[in-house]
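Shown next, in structure tokens, is the structure this report addresses.
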Amino acid sequence: MLTALMLKQARRLLQCQALSLVAEVWQEHSHAILKRGMSDGHQSDSYWMRFALDAAREAERAGEVPVGAIIVAGEKLVATGANRTISDNDPTAHAEMVALRAAAKELGNYRLAGATMYVTIEPCAMCAGAIVQARIDRLVYGADDPKGGAIRSCFAILDHPRINHHVDVTSGVLVEECAAILQSFFSARR
């Protein structure tokens, strides 16, 4: 007979396996896009934000808070990240952190100078600090986070005069879609 603990562990294992499968499919999808190439050599912020939204939807399907992030370097998608805090039992596994780790591994360098991060919601203090440490050149995000955003809503970490790296910030890209995915997720749980 299965105990409640065994059922909980089995559910976690299935979530982790589902998220791993999602990551494999996402990698295949992103590599196919890169092989096709870009038609005009430059893509708009909304173009790239749609990839972050796709990652957020994958997180939601895995039972995570639907936040997605991607990193673009040289007009190429080099990494994607989706929230994995529940699946990984890791409070630092925010979409931004997952994407930063993947990009550093892909590029073979913990410094991501010249890269742009696209994320569906305003990063928290932890993620803003990691963005500075990674030397991301540009941050583009969709919706503000009035309860924990550290770019301008609750804090302005990237604007602090003693920070040793400047990050250009663009907000409000596909804001309605980015906000809607989170609102829908949380309203379904209330």
Inter-site label distance for Ser44 and Asp159 at 7 Å from Cα along Cβ, in nm: 2.7
At q = 0.19, 0.24, 0.26 Å⁻¹, what log₁₀ I(q)/I(0) does the stretch 77-157 have when each alpha carbon counts as one equal point scatterer in the Debye sum? -0.78, -1.21, -1.35
Cα centroid distance between the stretch 147-170 and the stretch 67-126, in Å? 17
Expressed as a percent, the accessible surface of the stretch 55-190 that is carbon or sulfur, using a 1.4 Å probe and the full set of protein chains, is 52
Taking a probe of 1.4 Å, how large is the accessible area per residue of the stretch 82-190, in Å²? 51
Full-extension gain in nm, Ser184 to Asn109, via 0.36 nm per residue minus C-alpha separation: 23.3 nm
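The values are calculated or read from the model by the stated rules, or taken from the named source; none is laboratory data. Computed from a prediction, not measured in an experiment: that's the story for all the values here. Don't worry about glycine lacking a Cβ; one is built from the backbone with ideal geometry, like all the others, and counts go over all protein chains shown. Side chains included, ligands, DNA and RNA excluded: accessible areas come from the protein's heavy atoms. Shrake-Rupley method; radii C 1.70, N 1.55, O 1.52, S 1.80 Å.
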